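Taking it in order: structure first as structure tokens, then the write-up.
Derivation of every value follows stated rules applied to the coordinates shown; laboratory data play no part. None of these values were measured; they are calculated from a predicted model. Quick reminder, even Gly has a Cβ in these numbers, built from the backbone with ideal geometry, and neighbours come from all protein chains shown.
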Amino acid sequence: MPRNVIVLSLALCTLLGLAAAATAAGAGRLALGPKKHANEAAYLGYYDGHKDTFLVTDTSSKSQAAAMHINYSPVLAAVEGAPRQFFVEGRAAAGQLSVFGSEPGESDYNPLWEEIAVTWKSGVKPVLLVKDDQIDALAKAGKLTEKSLHVVLNAPITKVGT
């Protein structure tokens, strides 16, 4: 077989192999390497009255990263428009967890969250907060305050509902 035919055949095989790999990757199959199971801390938070399970992996706050033993990622501080995750500071109702502003399946879900501190006003008895709309309504009624902490948290929800 002539040399140029062999070179063209090899080139064609290479291109077909690359096309097949690209098709496989496009179909959701990535070459991630061997699977390994690891023990990671998982947390619960509320979304629309039910509990979701989430992980915490990265934060834009250096002090928070050190305190929580997670990754510090300063580039996250530049993220804008992330859904909100609410954290009650100070007095809280029994069983209070963080509250998400979205979850997988919602059009605005992504695993990055703008951290919002929620504080009950003096003289107001805390109630269990389980929805972002509930928090917004209570803030509008003057019963609590919402304050951005200017921190972005990478906390993917891994299980919807309990």
Links that overshoot a 19 Å alpha carbon limit, given the list LYS51/LYS131; LYS51/LYS140; LYS131/LYS159; LYS51/LYS159: LYS51/LYS140
Take the alpha carbon atoms of segment 38-74, find their center, do the same for segment 105-125, and report the distance between the two centers in whole angstrom. 14 Å
Under a 5 Å amide H to amide H cut-off, with H placed in plane at 1.01 Å, what residues pair with LYS159 once short-range neighbours are removed? THR53
Can you sort SER61, SER122 by how many other beta carbons sit within 10 Å, fewest first? SER122, SER61
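Pull out a ≥ b ≥ c, the square roots of the eigenvalues of the alpha-carbon gyration tensor of segment 45-96, then state rounded if a/c is under 1.5, prolate if not and a/b is larger than b/c, and oblate in the remaining case.
Numbers: a/c = 2.02, a/b = 1.58, b/c = 1.27.
It is prolate, given that a/c is not under 1.5 and a/b is the larger ratio.
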Setting aside same-chain residues fewer than 8 positions from LYS147, which aspartates and glutamates have a Cα under 20 Å from its Cα? GLU80, GLU89, GLU114, GLU115, ASP132, ASP133, ASP136
Using mean Cβ contacts within 10 Å as the protection proxy, how do 125-135, 87-97, 108-118 order, highest first? 108-118, 125-135, 87-97
